[in-house]
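Scroll down for the structure; my scribbles are underneath it.
The values are calculated or read from the model by the stated rules, or taken from the named source; none is laboratory data. Here the structure is a predicted model, which is why all the values come from computation and not from measurement. Cβ sites come from the backbone with ideal geometry, for glycine too, and all protein chains shown count toward neighbours.
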Amino acid sequence: MAASTTPTVRKSQPAWLIATFFGIGHLQPGSGTWASLVTVLVWWAAARMMAPVWLWPSALVLAIAITLIGIPPSTTVARESGREDPGFVVIDEVAGQMIALIAVPLDWKYLLASFILFRAFDIVKPFPLRRLEHLPEGTGIMMDDVGAGLYALVLVHALHYFFAR
C-alpha cells in the first residue's frame, strides 16, 4: 500500500480541547453562539450556588483566567490548522461572554441581554474591535472578543441602572 501524500495535522490535544471549549467549537451552525450560550448557562448554574458577595469577584477572576489561559491554545490551534482565526476556536467567545456577565444580576432578562449584546458586538465588531483582530496569533483571536465583552458589559449595566427601578 502506498503512503498517503496528504500531510497529517499534528493536534496538541490539550490545546484543541481548550480552544474548542471541549468540542463545542465543532457544533454547527454558529459555534460561537453555542459557546456563548453554554457559558451563560454554566455561569447561571454555578452562580446560584455562590454567596452573593462572591458573584462579581468570581466572574472577574474567571474572565481574566479564561482570557489568559485561552491565548496559548488559540495560537497553537491556529498554527496547527493553518488558519488565522479558525471558527472552531471558541474559547474567545467564552472569555468575552464571561466578561459581559461580570456583576450582572442573575435575572434571566439581564443574562439574556448580556448574551444578545455580546453576540451582536462580536459579530458586528464596532470600532476599534476589528483592529484588535490584527494582533498576533492567539492574542488577536482573543482580544476582539474581550472588547465585545466589555462593550456588552457597559451596556448591560447601563440597562440595569436605567430600567431596574
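Do you know which residues across the range 108-136 are acidic (Asp, Glu) and at pLDDT below 95? Working first, answer last.
Looking only at the range 108-136, we keep the residues that are acidic (Asp, Glu), and these are 122, 133.
If the condition is that a residue be acidic (Asp, Glu) and at pLDDT below 95, then GLU133 is the only one that fits.
Restricting to helices (runs of 4 or more DSSP H) lying wholly in the range 7-103: which have 2 or more residues that are touching a residue at least 24 places away in the same chain (Cβ under 8 Å) and in contact with a Cys (Cβ under 7 Å, 6 or more places away or on another chain)?
none
Within the range 140-165, count every residue that is within 21 Å of ALA65 (Cα to Cα) and either touching a strand residue (DSSP E or B) at 6+ places or on another chain (Cβ under 9 Å) or buried (at least 19 other Cβ atoms within 10 Å of the Cβ) (or both).
Number satisfying all stated conditions: 13.
Only one of VAL77, VAL61 is within 13 Å of PHE88 (Cα to Cα) and of a type outside the set (Phe, Trp, Tyr). Can you tell me which?
None of the others qualify; the one that does is VAL77.
To keep it simple, each residue is scored yes or no on (1) under 15 Å from GLY147 (Cα atoms); (2) β-branched (Val, Ile, Thr); (3) surrounded by fewer than 18 Cβ atoms within 10 Å (Cβ to Cβ).
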{"site": "PHE22", "(1), (2), (3)": "no, no, yes"}
{"site": "PRO29", "(1), (2), (3)": "no, no, yes"}
{"site": "VAL42", "(1), (2), (3)": "no, yes, yes"}
{"site": "ILE64", "(1), (2), (3)": "yes, yes, yes"}
{"site": "ILE71", "(1), (2), (3)": "yes, yes, no"}
{"site": "SER81", "(1), (2), (3)": "no, no, yes"}
{"site": "GLY87", "(1), (2), (3)": "no, no, yes"}
{"site": "LEU111", "(1), (2), (3)": "no, no, no"}
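Any residue in the range 121-149 that's under 20 Å from LEU101 (Cβ atoms) and of a type in the set (S, T, N, Q): show its pairings with residues that are at pLDDT 95 or above and part of a helix (DSSP H, G or I) at Cβ separation under 8 Å, as long as the two are six or more apart or on different chains.
none
Before we move on, is MET98 touching an Asp or Glu at 6+ places or on another chain (Cβ under 7 Å), among the aliphatic types (A, V, I, L, M) and buried (at least 20 other Cβ atoms within 10 Å of the Cβ)?
no
Within the range 113-134, restricting attention to residues that are outside any helix (DSSP H, G or I) and either within 15 Å of the chain's Cα centre (by Cα) or of a type in the set (Val, Ile, Thr) (or both), which residue is nearest to ALA148 (Cα to Cα)?
Kept after step one, since they are outside any helix (DSSP H, G or I), are these residues of the range 113-134: 125-128, 133-134.
Right, trim to either within 15 Å of the chain's Cα centre (by Cα) or of a type in the set (Val, Ile, Thr) (or both) and you get 125, 133.
Details: LYS125: 7, GLU133: 12 Å.
The qualifying residue nearest to ALA148 (Cα to Cα) is LYS125.
Tell me which residues, restricted to the range 41-85, are in contact with a helix residue (DSSP H, G or I) (Cβ under 8 Å, 6 or more places away or on another chain) and hydroxyl-bearing (Ser, Thr, Tyr).
SER58, THR67, SER74, THR75, THR76
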